[in-house]
Amino acid sequence: MFVSGRLAVALGLGVIPLVAFTAAGLAVWAVLSGWILLCTVLLVVDVASAASARTVTVTRRVPARARMGEPLDTSFAVHNHGSRTMDALLRDAWQPTAGASQARLRARIPAGERRRIEVPLLPRRRGELVSEFVFIRSRGPLGLGGRQARHEVRGAIRVLPAFASRKHLPSRLARLRELDGNTSIQVRGQGTEFDSLREYVRGDDVRSIDWRATARAGTTMLRTWRPERDRHVVILIDTGRTAAARVGDGTRLDASLEAALLLAALATRAGDHVHMLLYDRVVRARVTGVDGVGLLPAMIDAMAPVHARLVDTDWSGAFAAIRTLTTRPSLIVVLTAQDAAESARGFLGAFPVPSRATTMLVGSVTDDAVEDLARRRGSREEIYLAAAAERTLRDAENVADAIRRAGGEAITADPEALPPRIADRYLELKAAGRL
């Protein structure tokens, strides 16, 4: 059973007659005990009159997956098997990050009937949202108390990354089509492969004429070429302690996931093979051997439950894990936060030796708030903060220079700009024949 606030109000109201009877010379304790006894009897009658909270059946209806930041509808149905109408107060035990609009819901369920209660959610965090039970309180007619019961009905929703960077995809796909060849190119070179034959048109490069095809067709035929496909793109996402830092409305890991999804969507449309690895000291998620339309769902599903761990990343193990994905020439994109020389020593020490066949990109998320602090000079406190911010920016630039000297390319940008910048660099490498 439970008691409500009305019982406390009723007991408080007993003070009024207590004062009146005291003025009339009656015994205070006799009046007080009589009033408490009356409230107790009313409470017992109210609880006994309430419908049982145990003679119900609770069933859920929840989607298996949802996207972070997008509203979704969940519900549960309560079937009253008792003989009394239930005036119920219900609580669905989702965690706060589920974004439930109301913590407690009211419903009136007649005897033998069933009612469905809608629970809209707005997930604010990736991962697994779980509600283990539904708590039901059945109030009595007076509202002084009632019966309560906990019903174990588990509901689980996997919250996927928001993929807000997909808004940049149409423009990059348009550039990819221009590059890939709605109009095929005539000049053969590094990073191109044979596309098709077509008839010679005045002004075409005569060096591209295919004389064997010309002899067979009876007319001059020209070879055309396109950017090479079936290349390999390996995306390594750091899930160590530096990825847990807050940047903007999310973490550095969230920004890395957005960049990985945009690059993967672009690369798979270009006909390349994409491999993804989330790593700190062990492999947290791996996607490999998936191509076509199944790639993005597989990546999103693998990313969803992974969060940053407060450990230093084992970069030797991370780069060794990359070699298990593919041994072919590839583009390796490392998404991490290397902005301090002290924390970057392990990363730079394990940095692989560059080769002509492999291109290394290192993408790092920067915080605009640091740059804003570096520009402020209004007070003594702001000057000290500006000096610290300038030191942070200088350290980040020193690490970026070290990456370039090691043979990689460093790309730094804020969470909004990093995904399109990495996608643009991928298109530049394709156009230059380096991929």
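The values are calculated or read from the model by the stated rules, or taken from the named source; none is laboratory data. The structure displayed is predicted, hence computed values, not measured ones. Virtual Cβ from ideal backbone geometry, glycine too; neighbours counted across all protein chains shown. Accessible surface areas use protein heavy atoms only, side chains included; no ligands, DNA or RNA. Shrake-Rupley method; radii C 1.70, N 1.55, O 1.52, S 1.80 Å.
Look through segment 235-254, keep the residues that are among the small types (G, A, S) and touching a helix residue (DSSP H, G or I) at 6+ places or on another chain (Cβ under 6 Å), and return whichever of them is surrounded by the fewest Cβ atoms within 10 Å (Cβ to Cβ).
We begin by selecting, within segment 235-254, every residue among the small types (G, A, S); these are 240, 243-245, 248, 250.
Still in the list and also touching a helix residue (DSSP H, G or I) at 6+ places or on another chain (Cβ under 6 Å): 243, 245.
Numbers: A243: 27, A245: 14.
Across segment 235-254, the extreme among qualifying residues is A245.
Regarding D367, is this residue touching a strand residue (DSSP E or B) at 6+ places or on another chain (Cβ under 7 Å) and over 30 Å from G433 (Cα atoms)?
Working: touching a strand residue (DSSP E or B) at 6+ places or on another chain (Cβ under 7 Å): yes; over 30 Å from G433 (Cα atoms): yes.
Yes: the conditions hold for D367.
Only one of L72, L43 is surrounded by 14 or more Cβ atoms within 10 Å (Cβ to Cβ), in contact with a strand residue (DSSP E or B) (Cβ under 8 Å, 6 or more places away or on another chain), at pLDDT below 90 and closer than 30 Å to I117 by Cβ. Can you tell me which?
Details: L72 fails: at pLDDT below 90.
Going through L72, L43 in turn, just one is surrounded by 14 or more Cβ atoms within 10 Å (Cβ to Cβ), in contact with a strand residue (DSSP E or B) (Cβ under 8 Å, 6 or more places away or on another chain), at pLDDT below 90 and closer than 30 Å to I117 by Cβ: L43.
All but one of (1) open to solvent by less than 70 Å² (accessible area, probe 1.4 Å); (2) free of Cβ contacts under 8 Å to residues at least 60 places away in the same chain; (3) under 21 Å from L253 (Cβ atoms) hold for R425; state the number of the condition that does not hold.
(2)
Determine which member of the set D73, D46, D87 is touching a residue at least 60 places away in the same chain (Cβ under 8 Å) and among the acidic types (D, E).
Numbers: D73 fails: touching a residue at least 60 places away in the same chain (Cβ under 8 Å); D87 fails: touching a residue at least 60 places away in the same chain (Cβ under 8 Å).
Result of the check over D73, D46, D87: D46.
Under the condition of being part of a strand (DSSP E or B) and touching a Lys or Arg at 6+ places or on another chain (Cβ under 9 Å), which residue from segment 95-109 is least open to solvent (accessible area, probe 1.4 Å)?
Filtering segment 95-109 for residues part of a strand (DSSP E or B) gives 105-109.
This time we only want the ones that are touching a Lys or Arg at 6+ places or on another chain (Cβ under 9 Å), so: 105, 107-109.
On the way: L105: 24, A107: 17, R108: 155, I109: 0 Å².
Among them, the one singled out is I109.
Step by step: first the residues of segment 165-212, then only those that are at pLDDT 80 or above and hydrophobic (A, V, I, L, M, F, W, C), then the one that is surrounded by the most Cβ atoms within 10 Å (Cβ to Cβ). Which residue is that?
Per the criteria, the residue is L176.
In segment 136-164, how many are open to solvent by less than 60 Å² (accessible area, probe 1.4 Å) and in a loop (DSSP other than H, G, I, E, B)?
Total meeting the criteria: 7.
Checking G349 against (1) touching a residue at least 12 places away in the same chain (Cβ under 8 Å); (2) under 16 Å from I235 (Cβ atoms): exactly one of these is not met. Which one?
Here G349 meets the rest and fails (2).
Does any residue of segment 71-83 turn out to be closer than 15 Å to V153 by Cα, of a type in the set (A, V, I, L, M) and touching an Asp or Glu at 6+ places or on another chain (Cβ under 7 Å)? Don't jump to the end; show me each part of the working.
To start, the set of residues in segment 71-83 that are closer than 15 Å to V153 by Cα comprises 74-79.
Now restrict to residues that are of a type in the set (A, V, I, L, M): 77-78.
Those left that are additionally touching an Asp or Glu at 6+ places or on another chain (Cβ under 7 Å): none.
Scanning segment 71-83 turns up no residue that is closer than 15 Å to V153 by Cα, of a type in the set (A, V, I, L, M) and touching an Asp or Glu at 6+ places or on another chain (Cβ under 7 Å).
Of (1) open to solvent by 60 Å² or more (accessible area, probe 1.4 Å); (2) touching a helix residue (DSSP H, G or I) at 6+ places or on another chain (Cβ under 6 Å); (3) farther than 30 Å from T326 by Cβ, A431 satisfies all except one. Which?
(3)
Taking into account only those residues within segment 46-69 that are in a loop (DSSP other than H, G, I, E, B) and either of a type in the set (V, I, T) or more than 54 Å from the chain's Cα centre (by Cα) (or both), which is modelled with the lowest pLDDT?
Step one: of segment 46-69, the residues in a loop (DSSP other than H, G, I, E, B) are 50-55, 62-64, 68-69.
Next, from what is left, pick out any that are either of a type in the set (V, I, T) or more than 54 Å from the chain's Cα centre (by Cα) (or both): 55, 62.
Working: T55: 89, V62: 92.
Here the residue is T55.
Restricting to segment 121-135, what's the tally of residues that are closer than 18 Å to A64 by Cβ, in contact (Cβ under 8 Å) with a residue 40 or more places away in the chain and in a loop (DSSP other than H, G, I, E, B)?
4
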